[in-house]
1. Test of understanding: what is the full-extension gain from GLU122 to GLN158, defined as 0.36 nm times their sequence separation minus their Cα-Cα distance?
2. Hey, for a label at ASN56 modelled as a point 7 Å past Cα toward Cβ, could you say which residues of region 132-171 have their backbone N under 20 Å away?
3. Mean residue ellipticity at 222 nm from the helices of the chain, using -39,500 (n - 2.57) per DSSP H segment of n ≥ 4 over the full residue count, to the nearest 500 deg cm²/dmol?
4. Assign unit charges at the C-beta atoms only (+1 for Lys and Arg, -1 for Asp and Glu), then state the dipole size of the chain relative to its Cα centre in Debye, rounded to the nearest 20.
5. Count charges around ILE107 for me, please; just the other residues with Cβ under 12 Å from its Cβ, Lys/Arg as +1, Asp/Glu as -1.
6. Local charge sum around TRP81 (other residues, Cβ-Cβ under 12 Å, Lys/Arg +1, Asp/Glu -1)?
7. So which aspartates and glutamates pass the test for LYS2, namely a Cα distance under 17 Å, with those fewer than 8 places away in the same chain ruled out?
8. Taking the highest mean first, how do the peptides 148-155, 95-102, 6-13 order by number of other beta carbon atoms within 10 angstrom per residue?
Amino acid sequence: MKKRLLFLGPPGAGKGTQANLLCSKQSLLHLSTGDLLRAEVSAATPLGIEASEIMNRGELVSDSLVLSIVEKRLASHSNGWLLDGFPRTLIQAEALEILLDKIQQPIQAVLLIKVDDDILVERLLARGRADDNETVIRNRLEIYKEKTSPLVAHYNKQGLVQTIKGDGDIEAIASRIQESLC
Ligand code: B4P
């Protein structure tokens, strides 16, 4: 089974939900940049204070800030990992490639989770996190289209992308993901 993975998809696609299920089943390191940033925000670290305003507007935190968080964690792990919500820009993807080359752990699959915009908005409004109001959600969807979706073509060129239908029952989606990794 493939064990060095990346989840790609718009906000609310269920990346975090599915990553939790898969990582506990397969004992992979779950690296969610969203969770790591929120931990910094609740601890009110200087990094968290800088990130919080940006996140509450639905914008992307700076590449250098995110990269510094990721590098620390990936370098110390070799049993397989799942990157959830990272990379989100081509610059982050290129920096990740340099890091993975250095530690000789190339990505084995990029799973693109696809869900219609209306369902995304509905799910996020129901979740109700600080960055989950309609204006901010629409902004996050725009930013996804502009800055993150070019990563699909980037990883397609490397033959890594597998598309997963992300609507419907959570367990059914988890099975689709599991099958695509064998
Ligand atoms: P993230 O924490 O990554 O969150 P997300 O994209 O909004 O949600 P995700 O796709 O994980 O959806 P979830 O499973 O929670 O990012 C938040 C912010 O952090 C960004 O806007 C940005 O500011 C910052 N950030 C993070 N990474 C960054 C980076 N690399 N660079 C720069 N900035 C970065 O699911 C959503 C909801 O749907 C949940 O309530 C869930 O229960 C529900 N749900 C899931 N699957 C469902 C299903 N099948 N049916 C019904 N409901 C479902």
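1. That works out to 9.6 nm of additional length.
2. Label zone hits: 132-141.
3. -16000 deg cm²/dmol
4. Details: 22 positive and 24 negative charges, 117 e Å.
In total the dipole reaches around 560 debye.
5. My count for the surroundings of ILE107 gives +1.
6. Here the charged neighbours net out to +3.
7. Partners within reach: ASP84, GLU179.
8. Averaged packing, sorted descending, gives the order 6-13, 148-155, 95-102.
Since every read-out is calculated from the coordinates, none of them should be taken as a lab result. Quick caveat, the model's predicted, so the values are computed rather than measured. So basically every Cβ, Gly included, is an ideal-geometry build from the backbone, and we count neighbours across all protein chains shown.
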